[in-house]
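Any read-out appearing in this document is the output of simple, stated calculations on the displayed coordinates, not a laboratory observation. Since we're looking at a predicted model, the values are computed, not measured. As a convention, Cβ positions derive from the backbone with ideal geometry for all residues, glycine included, and neighbour counts pool all protein chains shown.
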Amino acid sequence: MLQYLQIENIATIRKADIGFAPGLNILTGETGAGKSILIDSINAVSGAKTSRELIRTDASSAYVRALFCNVGAEVAEALAAAGLPAEEDGTLLLQRRLHKDGRNDCFVNGVPVTVSMLRSVAMRLINIHGQRDSQALLDSARHIDFLDAFAGDDKEKAAYTASFAALKELKAQIKALSMDESYKARRLDLLQFQVGELKAANVQEGEIAALKHKKAILNNSMKVRAALSKAVAALIGDGDAPGADSLLSAAAGEVYAVSDVAKGLSAVAESIDGAKDTALEAASVLDDVLQQLAENEGNLDEIEERLDLMYRLSKKYGETEADMLAFLQQAETELDNITFADEKIEKLSVEYDKLLGETEKKAAALSTCRKKAAKALSAAIEKELAFLDMPNARFSVAVNAAPMAENGADEVEFLFSANPGETPKSLGKVASGGELSRVMLAVKNVLQEQHSAASLIFDEIDAGVSGSAAGKIALKLSALSRKAQVLCITHSAQIAAFADEHKFLMKHVENEKTFTEIRSLELADRQKELARITYGAGFTQKQLESAAEMINKAEEIKKKEVFS
């Protein structure tokens, strides 16, 4: 269950630390006090889509933190499957920070996660039933989702969905291969030209970079040749002046001539001869390099032409060699498909017909499951409506055949009649606001039996309801709170009287800024709040006593084991 909620800078809530209890948690307050902001905050930490407008005007970011306890084995398994840590004490911490630049920082038990991962975990912990859910009942296209949630037909639906997706893919392939002859001829000409041009070019990965490197070297070859030529002339002479080899040879001769006069001069002469040999070898190497440079200078034009070709190809087929080669592969595949289109269409058509039959069988299996569940759902909701002060209401789930689509081959619609003798008609056309609220509660209560969440939130489920019907909703919410934690935002004193924990939201203005505060009410304050809800701010002592009696009566009913 939701144990603790911390909110910072969400709309008019600057900072709020809210503790929740097991059972029925009631939230009341004056209109505009910020009750909807509380729902927005819980939605945010549950991974729902949010707007930057939710962030308080004078803040750069907003923060919501929700601590759950006793999360159960199912949630622990989901965490393990997602590679997220689970606490040994059964607690779970969800956090989300919203930034005005649109960024989100989400955490599960302190581990950074994506918004979708946050939502996947939160949906197992909390279920929010707001006024938008009632609006969903008006949209018959959504009714199939309610029925599937009750039917528990995940296996049948998954099998059909996979088969239908494969069928769509085959159909798309057949359509892509089917074309008129004139277009086919034009496309063939273009593809053949493109494939021929790219193959003739023999594009190689890394080629452009290699060519540019060679070009850079050749562009500097004149400077290199001049330097190397001077070096060779210095080593071996150039006809106008002797080189180092001649000078070293002359020096060695002079030393040899007097080597018998002084000891050790022979070794010096030999060393000078060695230096001459080194100079000659170096000159030979440099001369070879000069010859290679001379030969390569002739390749510069070829490199320029190749680079120009690669540039023109890149403009048509992709910036890099990898892009061009990928284009070539794709073009060859398409060329092959068009060339052998008739044979491939025939083969794919056989596959399509076979898969169509299999998909139709899976659609039929899903329909059978839905029709069986529709009868049970209709009966269960009628029973709930009878308890909610609508004993004559008739509710039925119509499942009619439809062309196959992503959701199956069914159209599902909720039909409703509030009065005896009237034929049930489309719920959205005949239900009043109060009736719709009770139908929503009935639907959600039935679905809760199938897919339990630790915490349920009802946002003004009493809209359009008063009197006996509001009392029945109060009983149903209180009964439901024995199975799961319930948080309910309400304007009904009859519902608020059943609170196990009562929170009051109020707003005040400080320095021309609006702030919302949330506090827990003790018994005396609860009595005053119920009197305010029922009679207005100027309630009398007698009216206050009436509110106290309402709470006492609710406490007596709550002590009973069974509500319905």
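Assorted remarks:
- Linear extension gain, E422 paired with E406, 0.36 nm per residue minus alpha-carbon span: 2.4 nm
- Percent of beta bridges antiparallel (DSSP, the chain, rounded to nearest 5): 75 percent
- Formal net charge of residues neighbouring V113 (Cβ-Cβ distance under 12 Å; K, R +1; D, E -1): +1
- Cross-link reach list, lysines versus K344, counting only Cα pairs under 22 Å and skipping chain neighbours closer than eight places: K168, K171, K175, K184, K354
- Divide the volume of the convex hull around the Cα atoms of the range 28-114 by the residue count and you get 117 Å³ per residue.
- Evaluating 6.51 cos²θ - 1.76 cosθ + 1.60 at θ = phi - 60° for every residue in the range 405-410, the Karplus couplings come out as 9, 4, 8, x, 10, 10 Hz, glycine and proline recorded as x.
- Electrostatic dipole magnitude of the range 20-74 [Cβ: Lys, Arg +1; Asp, Glu -1; Cα centre; debye, to 20]: 100 debye
- Given charges at Cβ of Lys, Arg, Asp, Glu: the range 210-264 dipole, positive-most of S259, A241, L228: L228
- Legend: calculated FRET efficiency, L190 to E358, from the Cβ-Cβ distance at R0 = 45 Å, rounded to 0.05, equals 0.75.
- Dipole check for the range 499-554: with +1 at the C-beta of Lys and Arg, -1 at the C-beta of Asp and Glu, and the Cα centre as origin, the magnitude is about 160 Debye.
- Distance in nm between pseudo-label sites at K375 and E87 (7 Å out along the Cβ direction from Cα): 4.7 nm
- Rounded tilt (10° steps) of 341-387 against the dominant C-alpha axis of the chain: 30 degrees
- Summary of packing: across the peptides 251-260, 408-417, the per-residue average of other C-beta atoms within 10 Å ranks them, highest first, as 408-417, 251-260.
- Cα gyration tensor category, rounded, prolate or oblate, for the range 330-375 with a/c compared to 1.5: prolate
- Axis angle, to the nearest 10 degrees, between helix 207-219 and the longest C-alpha principal axis of the chain: 40 degrees.
- Counting all C-alpha pairs of the range 286-383, share separated by more than 22 Å (%): 70 percent
- Trypsin sites (Lys or Arg not before Pro) within the range 9-62: DSSP coil, no more than 13 neighbouring Cβ in 10 Å: K49
- Ranking V430, Y535, H99 by how far each Cα lies toward the positive end of the dipole of the chain (charges on Cβ) leaves Y535 at the top.
- Computed over the chain: relative contact order in percent, which uses C-alpha pairs under 8 Å that are six or more apart: 22 percent
- Rounded to 10°, Cα long-axis angle of helix 467-480 versus longest principal axis of the chain: 50 degrees
- Packing order of peptides 58-70, 467-479, highest average first: 467-479, 58-70 (average count of other Cβ atoms within 10 Å over each peptide's residues).
- For Rg/Rh (Cα atoms, Kirkwood Rh), the candidate list reads (i) 1.12; (ii) 1.32; (iii) 1.23; the entry that matches the value derived from this model is (ii).
- Here A233 and R103 are evaluated by their C-beta separation; at R0 = 56 Å the FRET efficiency comes out at 0.25.
- Dipole axis of the chain (+1 Lys, Arg; -1 Asp, Glu on Cβ), positive-most option in L480, V350, S178: L480
- For the peptides 183-192, 386-395, residues were scored by their other Cβ atoms within 10 Å and the scores averaged per peptide; the highest-first order is 386-395, 183-192.
- For the chain, a crude dipole built from +1 on the beta carbon of Lys and Arg and -1 on the beta carbon of Asp and Glu, taken about the Cα centre, is about 3780 debye to the nearest 20.
- Exposure proxy shown here: for K214, K542, K276, the number of other Cβ atoms within 10 Å sets the order, fewest to most, as K542, K214, K276.
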